[in-house]
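Worksheet: the structure to be examined is printed underneath.
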Amino acid sequence: MPRYQNIVILTGAGLSAESGLATFRDKDGIWAKYDHSDVATPEGFARNPELVYEFYNMRRREGIKAEPNAAHQALATLQNKYDGNVHIVTQNIDNLHELAGASNVIHMHGEMAKAMCTHCEARSPWNENLSASLKCPECELIGGMRPNVVWFGEMPYRMDEIAAALASCDLFISIGTSGNVYPAAGFVAAATEVGAHTVELNLEPSDTASQFNDTHHGPATEVVPAYVGSLLKNCAVDA
Ligand code: APR
């Protein structure tokens with residue numbers, strides 16, 4: 001296995017599944033219970049804000065109870081021990097990467113532990129229930145607080161940083177994502193474009209599995225520590 005200099009890791013809901021957080025498109029997933037246009041679009045929020053507040057309040061409560069699993073721990077170890085750059089880009093709005101010890105995690109779809117004010121656009125740490133009657137900690141206006149989550153039709157966060165990391169990566173690893181949602185589903189093509197080696201670690205082949213040079217299928221808590229171990233062995237560091 002070659003020594004890589006710039007590793008970009010993309011994670012999705014499958015990474016947090018073994019921490020007890022639901023995925024979206026598995027048979028018993030979130031989108032089997034809710035219509036995403038009702039709870040994950042600006043139009044849905046305008047139509048029925050109470051439904052959207054409760055949807056994220058429920059997910060925030062579950063997120064607070066969840067613990068990082070062995071896959072989150074392995075990725076934090078890789079980032080802290082590997083003698084190269086390791087960028088973690090996640091579609092997940094939980095904070096399990098950070099709780100495992102990862103840093104500078106790029107939450108391209110936002111974070112449920114923050115709320116955004118639609119008046120002043122300030123993002124504030126938020127671990128309580130959100131509602132329409134709350135005051136923004138920054139501008140002190142009432143009624144503008146919404147989940148700091150990127151909804152369908154909105155621009156994902158920190159895309160410039162992600163594009164720059166992909167443009168210089170020599171290893172791209174996609175973990176626990178179905179490859180259904182762009183722009184994240186297009187990252188493997190961008191990495192391939194610059195000659196990176198591409199690896200999918202997922203419970204089963206994703207919709208973009210055929211675009212990867214290498215795939216390892218199984219539960220993230222098995223395939224991720226195994227793959228991280230092989231990378232760290234290669235740079236003579238104990239996992
Ligand atoms: N280990 C590894 N992979 C798993 C596990 C597991 N234990 N359990 C499920 N998976 C895989 C599934 O096989 C699937 O390919 O994780 C993937 C989850 O796919 P989705 O539910 O579509 O979640 P994700 O790809 O993160 O969705 C992307 O869509 O709805 C939007 O904003 C939402 O960020 C989300 C985006």
Which value, in debye to the nearest 20, describes the size of the charge dipole of the stretch 113-239 about its Cα centre when Lys and Arg Cβ atoms bear +1, Asp and Glu Cβ atoms bear -1, and nothing else is charged?
-> 320
So residue 61 and residue 121, fully extended at 0.36 nm per residue minus their Cα-Cα distance, gain in nm 19.2 nm
Within a Gaussian network of the chain (alpha carbon springs, distance under 10 Å), most fluctuating of 187, 152, 172 = 152
For residue 47 and residue 158 in one chain, what is 0.36 nm times their gap in residues minus the Cα-Cα distance, to one decimal in nm?
-> 37.2 nm
For the stretch 41-128, the dipole about the Cα centre with charges only on Cβ (Lys and Arg +1, Asp and Glu -1), to the nearest 20 debye, works out at 60
Could you calculate the FRET efficiency of residue 25 with residue 168 from 1/(1 + (r/R0)^6), where r is the beta carbon distance between them and R0 is 35 Å, rounded to 0.05?
-> 0.70
Just check the stretch 42-111 against the gyration tensor rule for me: Cα atoms, a ≥ b ≥ c as the square roots of the eigenvalues, rounded for a/c under 1.5, and otherwise prolate or oblate depending on whether a/b exceeds b/c.
-> oblate
Once you have a ≥ b ≥ c as the square roots of the Cα gyration tensor eigenvalues for the stretch 148-239, tell me rounded if a/c is under 1.5, and otherwise prolate or oblate according to whether a/b is larger than b/c.
-> prolate
The helix 70-81 Cα axis meets the longest alpha-carbon principal axis of the chain at an angle in degrees, between 0 and 90 and rounded to 10, of 70
Which distance in nm do the two modelled labels at residue 180 and residue 99 give, with both placed 7 Å along the Cα-to-Cβ direction?
-> 2.4
Residue 215 long-range amide H proximity, modeled H, under 5 Å = 200
Of the trypsin sites (Lys or Arg not before Pro) in the stretch 9-93, those whose Cβ has at most 11 other Cβ within 10 Å and which sit in DSSP loop = 27, 33
Largest-first principal axis extents, alpha carbons of the chain, Å | 55, 36, 33
How big is the Cα convex hull of the stretch 1-121 in projection, averaged over all directions, in nm²?
-> 9.1
Where the eigenvalues come from the Cα gyration tensor of the stretch 8-57, what are the semi-axes √(5λ) of the equivalent ellipsoid, largest first, in whole Å?
-> 23, 12, 10
Would you work out the charge dipole size for the chain about its Cα centre, treating the Cβ of every Lys and Arg as +1 and the Cβ of every Asp and Glu as -1, and quote it to the nearest 20 debye?
-> 240
Which whole-number percent is the relative contact order of the chain (Cα, under 8 Å, 6+ apart)?
-> 23
For the chain, modelled as a GNM with alpha-carbon contacts under 10 angstrom, which of 75, 96, 141 fluctuates the most?
-> 141
Quote the relative contact order of the stretch 1-139 in percent (integer), defining contacts as alpha-carbon pairs under 8 Å separated by 6+ residues.
-> 25
Among 79, 7, 185 - extreme Cα towards positive end, dipole of the chain, charges at beta-carbon = 79
Using the 4.7 Å Cβ rule, please list in number order the cysteines from the chain without any candidate partner.
-> 169, 235
For an R0 of 22 angstrom, estimate the FRET efficiency from the Cβ-Cβ distance between residue 192 and residue 3 and round to the nearest 0.05.
-> 0.65
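Where a number appears in this text, it was derived from the coordinates with a stated rule and is not lab data. Note that the structure is a prediction, hence the values are computed from the model and not measured. Note that each Cβ is placed from the backbone with ideal geometry, even for glycine, and that neighbours are counted across all protein chains shown.
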